[in-house]
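This report refers to the structure that appears directly beneath it.
The values are calculated or read from the model by the stated rules, or taken from the named source; none is laboratory data. All values reported here derive from a predicted model rather than from experimental measurement. As a convention, Cβ positions derive from the backbone with ideal geometry for all residues, glycine included, and neighbour counts pool all protein chains shown. When the accessible area is computed, the model is the full protein with side chains, heavy atoms only, and any ligands, DNA or RNA have been set aside. Shrake-Rupley method; radii C 1.70, N 1.55, O 1.52, S 1.80 Å.
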Amino acid sequence: MQAKTRRTTRAKSIDRAPSDRVDVCVIGSGPAGALIAYTLAERGHDVVVLDAGKRFDPANRERRMEMALRPGHDFVDVWEMGGRRDRYTVSGDRFYQLNRTRVKGIGGSTLHWVGMTPRLHEKDFEMRSRYGLAADWPIDYADLRPYYAAAERELGVAGAEDNPFAPPREEPYPLPAFPPSHSDSIFADACEEIGIQMHSAPQARNSEAYDGRSQCAGYGTCMPVCPAGAKYSADVHVRKAEAAGARVVDRAAVQRLRHDESGEYVESAVYVTPAGETHAQRADAFAVCCGGVETPRLLLLSESDAHPDGLANSSGAVGRYFMEHPSVSTTAELDQDTRQHHIGFPTSESHQFYDHEEPRPGSFTLEFQNTAGSDVHGYDGGGGMGGILAPLYGAEWGDDLLETMRDRYGNTVAVSATAEQLPDAESRVTLDRSTSDEFGNPVPNIEWRVGSHAVETLEHALSIHRNIVDRIDGTITGQTDPRTPGTVAHHLGTTRMGDDPDESVVNARLRTHDVRNLYLASGSVFVTGGAMPPTLTIAALSLKAADHIDSAL
Amino acid sequence: MARLDDRASESGAFTARDLDVLLATADVVYPSAVSVTEEFIETYSVGRVQDREVYRTGMKRAIADVNAYAGRYTGTPFPDLAPSARDQVLREMGVDRVQPEPEGTVPEQVRYYLVNELLYALYSTPTGGELVGLENPPGYAGGLESYQQAPEDRPADE
Ligand SMILES: Cc1cc2nc3c(=O)[nH]c(=O)nc-3n(C[C@H](O)[C@H](O)[C@H](O)COP(=O)(O)OP(=O)(O)OC[C@H]3O[C@@H](n4cnc5c(N)ncnc54)[C@H](O)[C@@H]3O)c2cc1C
Ligand code: SF4
């Protein structure tokens, strides 16, 4: 009760009334929205950013970390996800834990992310030409290459040029790579023997102080929260956008986009404030950057006579082709100390199996974990996250507890694999009109279909895991099932890019085919997903979108 | 849903008696290899929560609950009991059979605000981590060296 009263009081003191008509209204303040807002504000445009989530005080991060580590809090509580605002439903035969895979707040889901930031490979843009699979993007790697370099500078990517499988790059990474872990060294000889090359793992984490943020301090809780601010999160660019003159309104949930009579231009974004007021922000251009689920949902919610199936949805592709990155992992025990959980991020990967000759099995990445001994993605909630703290759930204390901790900690390793899945029109985000959210809007329904391409790829990956574990004399204690793979919180494909307005939602300039001043930037514009974490590509596409918006204004 | 309480305040500080209960509980829930010092508790527990009014109130409530229970069933304040009797009081309250829950029943809150508070303070610092073989446990900003070190290079083994 107390908490509620406090929130409302605070909410009242913030002015959430709209600005006069601005140049650009950006909806969503994750990396996509934050980078667009920052770039355009820097170039002198009037920018307003609206985000459904709140501003989290960086000073509280250490306490959010404690929530993540201690039993007694749900995983989603750390960034206050869940409740009526974030309702969703699931159909199909797979449950999808949507609220564990996103954050609403200033900074978006990067508040919670791990921060791995490789580039996609050339092949990811050319799946149809190369393999006869899925579709090509309307742009290729070369088009995105300068934007990748710029995105790496903005996010502060630590990496090294020791990866022979990486696509060509023009300049070194802004920060040196994190050195490999002791755990990586256990794998190194075995991998060499069987011809697997390991290399560093590019990530948006400060291996040295960078951009006014400190060096990684080794808290080991990167996902879901970095108390040091060493892990990049998009609130960094929200602050920069504000310093450049942008206005950022938190807790401003956009309900729909309203267009003019012609149906060809969006006029305003209609949003509701915590005080229950409804406002309309008018602008010359709109950029929807709400992630791969809320972006299509906002378009579907904005249906009108001119756009009866949802705004900018003459193709019918809005919400379709929903992709994740299915993953598997293998855990093993060795008869030596493996030194897990000192840090919260991987330091070595192998992209050797990425560029394949034949269409199948498809691309996958191998990640050597430094956090083995609990779920590799940390999705087992408080306590389990830190591995060694898991016994705090149990009945024991004193010497018995220490005994259990010693039993559980020490000699585990884990290697995981993340695979590409192909786009499938029936894998989709729709509106569930039978359930409504806090504002009375239909909630998103997720139907995620994995597809046989990914399952076959993951089976192949698991056989390589077995081979590796065999070489390090490990005993496998668990392998996850490729037919019910894990998810890694990447929401892709739901407003795909393309040249053909009958098949796609946005063009190569990230502008919707149907509406002339509406741009979309998020994982939703991906045509195919590759097997790499998507956020560096999202950042690169956002910088590209900002250029196009700038020249259109 | 348990939200983070971000009210900062200095009020409701711990009394000397509260500290006695914290120390007496630590004595029971910490492994025998750890000698519980007031300084450790002051730094990693009391110090950690000093500007967290609601959390501190929870801790004080749990301290009072344990004390009241001990008084009622043994006639002796909790800190004055022998360690085995203190252990028994916690178990009779049911603290060993429940999950920690900040807004839960009395034993659930005692588990959260007292037992797990102290366990977290221990095992998220090198003092506890080292007992398990992890000098830089999750929650501790132990830098970027230890993850690279082989077991034989650990400072603790020197
Ligand atoms: C646990 C976890 C681990 C991850 N690890 C990695 C990783 O290692 N590497 C990687 O590349 N990616 C990772 N990701 C994914 C990464 O966080 C996302 O790809 C990225 O944040 C997407 O950026 P975005 O700006 O498109 O959307 P988001 O960051 O999701 O931001 C969307 C914003 O839009 C706002 N919004 C939504 N609807 C509305 C509305 N109607 N009105 C107003 N605002 C709205 C939301 O509040 C939110 O703040 C991870 C994600 C999670 C959750
Ligand atoms: S290990 Fe992770 S949480 Fe800790 S400082 Fe480094 S980036 Fe942040």
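The figure for A:TYR321 is an accessible area of roughly 40 square angstrom, using a 1.4 Å probe on the protein chains alone.
Legend: calculated FRET efficiency, A:GLU456 to A:VAL90, from the Cβ-Cβ distance at R0 = 30 Å, rounded to 0.05, equals 0.75.
Here's the picture: charge each Lys and Arg Cβ at +1 and each Asp and Glu Cβ at -1 in the protein assembly as shown, and of B:SER146, A:ASN441, A:ALA188 the one pushed furthest to the positive end of that dipole is A:ASN441.
For chain A, what relative contact order do you get, as a whole percent, if you take Cα pairs closer than 8 Å and at least 6 residues apart? So the answer I get is 23 percent. Peptides A:537-543, A:470-476 ordered by packing proxy, namely the average of other Cβ atoms within 10 Å per residue, highest first: A:537-543, A:470-476. Comparing A:MET116, A:GLY132, A:PHE95 along the charge dipole axis of region A:70-149, the residue lying farthest to the positive side is A:PHE95, per the Cβ-charge model.
Extension gain, A:ALA150 to A:GLU261: 0.36 nm times the residue separation minus the Cα-Cα distance gives 36.1 nm.
With all protein chains in place and a 1.4 Å probe, the accessible surface of region A:113-175 carries 48 percent carbon and sulfur. Between A and B, buried accessible area from a 1.4 angstrom probe totals roughly 4900 Å², ignoring ligands, DNA and RNA. Here the spin labels are modelled as points 7 Å beyond Cα on the Cα-Cβ line, and at A:GLU161 and B:ARG61 they lie 6.0 nm apart.
Per-residue 3J(HN,Hα) values for region A:35-52, derived from phi via the Karplus relation 6.51 cos²θ - 1.76 cosθ + 1.60 with θ = phi - 60°, read 6, 5, 4, 4, 4, 6, 5, 4, 8, x, 7, 7, 10, 10, 10, 10, 10, 5 Hz in sequence order (x marks Gly and Pro).
Highest average first, the peptides A:452-461, A:82-91, A:437-446 ordered by how many other beta carbon atoms sit within 10 Å of their residues are A:452-461, A:437-446, A:82-91.
Label zone of B:GLU39 (point 7 Å out along Cα→Cβ, amide N under 15 Å): in region B:118-158 this covers B:127.
Computing FRET efficiency as 1/(1 + (r/R0)^6) for A:ALA508 and A:GLU303, where r is the C-beta to C-beta distance and R0 is 30 Å, gives about 0.70.
Proximity of backbone amide H atoms, modeled 1.01 Å from N, is registered between A:TYR354 and A:PHE364 at under 5 Å, excluding neighbours fewer than 5 places apart on the same chain.
On full extension, the segment bounded by A:GLU426 and A:ASP500 gains 24.7 nm, given 0.36 nm per residue less the C-alpha separation.
Between the alpha-carbon centres of region B:110-158 and region B:83-102 there is a gap of 25 Å. A simple spin-label model places the labels of A:SER19 and A:ASP470 6.2 nm from each other, with each point 7 Å out along Cα-to-Cβ. Between region A:110-157 and region A:249-270, the C-alpha centres lie 30 angstrom from each other. In this structure the amide hydrogen of A:ALA287, modeled in the peptide plane, comes within under 5 Å of the amide hydrogens of A:CYS25, A:VAL26, A:ILE27, A:TYR519, none closer than 5 places in sequence on its chain.
Taking the charge dipole of the protein assembly as shown about its Cα centre, with +1 at Lys and Arg Cβ atoms and -1 at Asp and Glu Cβ atoms, the residue from B:ASN136, A:GLY474, A:SER214 reaching farthest to the positive side is A:SER214. Karplus-based coupling profile of region A:353-370, in residue order and whole Hz: 9, 7, 8, 8, 7, 8, x, 9, x, x, 5, 8, 10, 10, 10, 9, 7, 10, with θ = phi - 60° in 6.51 cos²θ - 1.76 cosθ + 1.60 and x standing for Gly or Pro. Under 15 Å between alpha carbons, and skipping anything fewer than 8 positions from A:LYS240 in its own chain: which aspartates and glutamates qualify? Candidates past the 8-residue exclusion: A:GLU42, A:ASP46, A:GLU154, A:ASP211.
Between the amide H of A:ALA372 and those of A:HIS341, A:ALA414, distances stay under 5 Å, these residues lying 5 or more places away or on another chain, with hydrogens modeled in the peptide plane.
Were the residues from A:ALA395 through A:THR278 laid out at 0.36 nm apart, the gain over their Cα-Cα distance would be 37.1 nm. Coupling constants for region A:518-533 follow from the phi torsions by the Karplus curve (6.51 cos²θ - 1.76 cosθ + 1.60, θ = phi - 60°), and in residue order they are 10, 10, 10, 9, 4, x, 5, 8, 4, 8, 10, x, x, 10, 8, x Hz; glycine and proline get x.
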